[in-house]
1. Taking θ = phi - 60°, what integer Hz values does the Karplus form 6.51 cos²θ - 1.76 cosθ + 1.60 yield along the range 655-664, in sequence order, with x for Gly and Pro?
2. Rounding to the nearest 20 debye, state how big the charge dipole of the range 151-300 is about its Cα centre with +1 on each Lys and Arg Cβ and -1 on each Asp and Glu Cβ.
3. Any of 549/619; 399/595; 71/336 with alpha carbons more than 19 Å apart? Name them for me.
4. Pop the C-beta distance of residue 918 and residue 865 into the FRET formula with R0 = 30 Å and round what comes out to the nearest 0.05.
5. What list do you get for 675, 769 if you sort them by fewest beta carbons within 10 Å?
6. Work out, step by step, the length gained on full extension between residue 908 and residue 536: first 0.36 nm times the residue separation, then minus their alpha carbon distance; give nm to one decimal.
7. What FRET efficiency comes out for residue 366 versus residue 42 if R0 is 56 angstrom and r is the Cβ-Cβ distance? Round to the nearest 0.05.
8. Under a crude label model (7 Å from the Cα following the beta-carbon direction), how far is residue 394 from residue 269 in nanometres?
Amino acid sequence: MEFLGKVFEIVKNIGEGLEIVKTIKEWYGYHSGLEESMQNLKRVIEYLSAQENDINKQISSAEHQPYIKRKTEVEVWLRDVQQLKSDVQRLEQEVVGERSLFSRVRLGKHIFEKIQEVEKLQEKGRAFDGLLVYDFPTGGLLMPPTKDLVESTKARNMERVWECLMNEDVRQISVYGMGGVGKTTIMKHIHNRILKETGKFDTVYWVTISKAFNVPKLQSDIAEALNLCLSNDEDETIRARELYAALLSQNKKYVLILDDLWEAFPLETVSIPEPTLFNGCKIVLTTRSLDVCRGMDCTAVKLELLTEQEALTLFLRKAVRNDVVLAPDVKQIAAKIAKKCAHLPLAVVAVARSLRGVEGTHEWRDALNEFTKSTNEVSSGESTVFEQLKFSYSRLGDKVVQDCFLCCCLYPEDHEIKESQLIELWIAEGLIPEMNSVEAMVDKCRSILGKLTSACLVETISKLGLGHVRIHDLIRDMAFKITGGRYRCMEKDGGLWSEDHEKISFIFNHRTELPIRPLVCPRLTTLLLQNNGIWLIPDSFFTNMPCLKVLDLSDNNIRWLPGSISNLENLHALILSGCKQLEYVPSMEKLKALKVFILTRSLIKEAPKGIEQLVNLRKLDLSYNSRLETFSITKLCGLSKLMWLIIDATRVRVSREDLMCLSQLKVVCVLFHNVQELTMYVTSQQFHGLEEYRLGVEQLDTFRQSSHDFISLSCMPSLRNARDLYKCVVWGCNRLESIFSSSSFSKDDQISLSSVSELTLFDLPSCRVLFDGISPTHNISFNLEKLSISNCHSMKYILPAQLLQNLPNLVVLEVKSCESIEEIIVGEEEMNDSNTITFQKLGVINLDSLPRLKSIYTGTMVCKTGFQIRVEDCPMLRRLPLSLHMDNNQATAPPSLERIWGEQEWWESLEWDDPRTKTILQPLFKKELQFALIAKIDVHDILFVGTLVSSCSIALPL
């Protein structure tokens, strides 16, 4: 026993010694890495500040509406961010010049803690369930006056239609939008306005088209509007001749309104004379379908929906008598009902009228519950709206398109669905027929999406070039009703699982646990559980789901998948994107039917067993698994149907031979062992058959060293022969001062990186200029098409004017968050303001968060092709380099200028060389900042993306 006691004492001493060593090592890290840690902290603070700015912008735009205020938790979060930023500023001042050992250790530890605080605040900022709440006055809400917010949307819609009517170049106009948006109401106002404002037109004819369209019926309806009696002859030709003669014989400038048109038709089949400038006539039609607008060769005007506040105002006006003052809790219930009406005027009015006379909190709450259920036991008003919406669905005709639409209802209310995710779901569901081309399948999906958008069943949204889709609540309820209970999207309070359910969605349900007892779901084919924070799935959870085909567990906190998943023999798609804690996936050898397997951003170290048995697999995506290294590509040779192979951003390396046995590949994203293997592959026949690819090579020590030794990117030896490099991304290179340098010219006047088509520069604190040294000669031409620069705080300008001759292909110029930028294009000293620069292909200038920017160019800028300018948060920019175009002594906007985007306050502050400029350019200005960056670059077949370097990331050459 005494001996054992001494052993334990020794072990204890060793343990204490190890703890001391660990602590010393930690202290040393704080001391030696102090400056680098400070830089990391500043970097994450910038991201946090960007997140703060985005939230503040959303809040600021919404708080102008009555009875809206920010949530208390959001207010606290913003205050915490400000406090943290102040703490970081103080820390930065303390770090400068500090040499004391203990002070550096203390500061290093504080920096480490602050980085953790930043990460927590970022996560909390992303987790907000809405930023705003209603804040009605406690004394009760009086009914709004007659002229209320509802008038603003109606007025905007009317003016857009009226402008087309007054435009001599527009002869046929289509007013389109979803059923119930107010097309007929708007046109009735237009009809009356035409009659009142005489001089432009002599008369107006109104014809309502029946849903079951036919030519004789339309001819009769038009004749009735003309007070004309057509003959009873069944011959359409004879009736057409009579109608045509009647319309022409009146010698009147008329407007013919065709309300609720469902099919396009040639005017000559009905014998409606073509409206021309000579006869002074016009045709206006209303429809739910953009395809009808196109088929009728019309100028289309899409009607805007009500804003949330306008919907509430209209709802209260229709639901509550003028002498009634609602209690605060009733007003909140009313707001919820109004919101569920999808901002649709007809739906708001119909539901509101059905609730007129309801009194007391209990009755209102009961009404909300009934409306939410969306059962068959609804009022006649609601039934009318539903039938109108359902008719749009029925008119789709194609069952595949209809099924694709029904899939949209599996996403939560008001959710903005990424188009890419929706397309992935449609393919996983097997709704898109299998093709030999990935591009063809995607095109098919986008075609279907276009049909749904044209039918106004979904709304497309663009966020800086990223496509999203949104489905209105009422239409979503209609979709669920069509499925007859087979589809279910669980709300946050859960809900009951049923044996009859075929598709169940828990997307963003915020569930962290699943039922322990096995669920019996014999008909279930689709289960969507992504974005929930689930950390454990019971082992028998999937036991009684024999028909399951699509399973999505993305963005959860699970560490391993249960064994019961291995027995889902009918599974077609298993999606595990962004499961950052996932370490283990059981054997997949029984999943012979699997076609899509996506497992990204996890902690797995080896690929799941049995992948080589998945003989029907079309898509395999194991990208961004940074620990994945045990995976032999040769095992995949039996997967003869594989079209997608995506394993980049892992430790897996491939050779040319690994890929050559997979004959059906269309999308390849991999890293090769070396440049030689990559070179051999890109010269192969298989490579030339690819439709999309990202290819790179394993990082070389010599290249890693070069990122530290050179202050200009083009001087790096590794890049001097990069003649086939098309896309280059550079970030985090702290010593880099320039991208191109004249010192890197070769004897034949060639320069490194001249082949790059897309150049992105991010977070380069020392980068002063894009091009350093003597400007290249006229015969040197860069292939650059897109230039994007952000967080490069040492830059004062972007391009010298004399360099533009070397950039003939530049299409997109984007500069963001560069605090020292004063000019975008700077001329030589001897140049004066009258100088003009010309861009051959420039399409977009996007400027954002440039606090010192004073000038885009001091002279005049001319673009040969259509271009747009977007400016946001550039308070010192007071002039645009634009001049009016003179046509026969008539001043007009520059012919190629398509749009100017910006804040209203900035637009009003601009100064102009010619006082007429602002008035002439006003129609081209748009203050909404939901700007879609128009990518006019075809990047198909040009992407070579490289790997991460310790302090520099860059695409690598062939």
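We did not get these values from a lab; they are worked out from the coordinates using the rules stated. Fair warning: this is a prediction, and the values are worked out from it, not measured in the lab. So basically every Cβ, Gly included, is an ideal-geometry build from the backbone, and we count neighbours across all protein chains shown.
1. 10, 4, 5, 4, 8, 5, 7, 9, 6, 9
2. 620 debye
3. The answer is 399/595.
4. Efficiency computed from Cβ-Cβ geometry: 0.80.
5. 675, 769
6. Working: separation 372, 0.36 × 372 = 133.92 nm, distance 5.61 nm.
Gain in length upon complete extension: 128.3 nm.
7. Details: r = 56 Å, r/R0 = 0.99.
E between residue 366 and residue 42, to the nearest 0.05, is 0.50.
8. That separation, rounded to one decimal, is 2.1 nm.
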